[in-house]
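Structure first, then comments.
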Amino acid sequence: MPTAERLLIVDDDEMFCRVMERALSRRGFEVMTAVDADQALGLAQQTRPQLATLDLKLEHSSGLKLLPDLLEIVPDCRIVVLTGYSSIATAVEAIKLGAVNYLCKPVDADEVLAAFERDGGDPDIDIADNPPSINRVTWEHIQKVLQEHHGNISATARALGMHRRTLQRKLQKRPVRR
C-alpha cells in the first residue's frame with residue numbers, strides 16, 4: 001500500500017488549521033499543522049512534506065520569510081501561499097520565492113488541492129471590466145512599499161510620508177475589495 005502524501009499546513013489560525021487538517025486527511029493526506037515559523041521548520045525537518053500551505057501573515061513572522069527556509073529544507077516541496085491580505089506585490093514575491101500558487105482566503109480543501117495541481121498560468125482567466133478602486137490601489141501601493149522595505153513599518157511609513165501609527169492602523173484593516 002502506497003504511503004500518503006505528507007502535507008504541512010502553516011497558519012496561526014488554529015481553527016482554520018483544524019478544519020483544513022480534517023478535510024485533507026479525509027482526502028488521504030498525512031497532515032501536520034504548525035502555528036508559527038519555528039514549529040513549521042521543525043516539522044519540515046522531521047517529516048519532509050511533499051506539499052505545504054503557508055499563511056502569508058503569521059503572528060510573529062511572514063510567510064514570505066518562511067518560504068525560502070522551507071524550500072531549503074525540502075527543495076521539492078510544492079508550496080501554496082494563502083492569505084486574507086492579498087496584494088499584487090505579495091503574490092509576485094511569493095511566486096518569485098518559489099511558491100507554486102497564491103490563493104486568497106477564504107478557501108476550501110478542493111481549491112487548495114487544485115492550486116497544487118496547476119503548474120502553469122491561465123491565459124483565459126477573466127480580466128476585470130473595471131479598474132480597481134482608489135482604495136484598492138492605495139492598499140496595493142502600501143503593500144508594495146512595505147515589501148520593498150522588508151516589512152519594516154517605520155521605514156515604510158517614512159517612504160510613504162505618513163505617521164507610523166497611521167500606517168499600522170491601515171495595515172490592521174482588511175484589504176479593500178476591488
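Any read-out appearing in this document is the output of simple, stated calculations on the displayed coordinates, not a laboratory observation. This one's a predicted model, so the numbers in the text were calculated from it and none came from an experiment. Backbone-built Cβ (ideal geometry, glycine too); neighbour counts: all protein chains shown.
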key: Counting all C-alpha pairs of the range 91-146, share separated by more than 14 Å (%)   = 71
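Size of the dipole of the chain about the Cα centre, Lys and Arg at +1 and Asp and Glu at -1 on the beta carbon, nothing else charged, in debye to 20? Kindly include the intermediate steps, with their values, before the conclusion.
Values: 23 positive and 26 negative charges, 194 e Å.
Roughly 940 debye, rounded to the nearest 20.
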task = Note down the nm distance, to one decimal, between modelled labels 7 Å out along Cα→Cβ at residue 60 and at residue 113.
result = 3.5
task = May I ask for the angle, rounded to the nearest 10°, between helix 134-148 and the longest principal axis of the chain, with both axes built from Cα atoms and the value confined to 0 to 90°?
result = 70
remark   = With a Förster distance of 25 angstrom and the Cβ-Cβ distance between residue 88 and residue 162, calculated FRET efficiency to the nearest 0.05 equals 0.75
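Can you compute the FRET efficiency between residue 38 and residue 124 using 1/(1 + (r/R0)^6), with r the Cβ-Cβ distance and R0 = 35 Å? Round to the nearest 0.05. Can you show the working numbers first?
Values: r = 41 Å, r/R0 = 1.18.
Step by step, r from the Cβ atoms, then E = 0.25.
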Charge dipole magnitude, Cβ of K and R +1, D and E -1 - the range 51-107, Cα centre, debye nearest 20 = 180
message = Tell me the angle of helix 37-47 to the major Cα principal axis of the chain, expressed in degrees between 0 and 90 and rounded to the nearest ten.
response = 20
request  = Send over the semi-axes of the range 65-173's equivalent ellipsoid, whole angstrom and largest first, taken as the square roots of 5 times the C-alpha gyration tensor eigenvalues.
outcome  = 27, 19, 12
task = Using only the Cα atoms of the range 29-128, each taken as one equal point scatterer with no solvent, compute I(q) by the Debye sum, divide by I(0), and report log10 of the ratio at q = 0.16, 0.18, 0.25 Å⁻¹.
result = -0.66, -0.83, -1.64
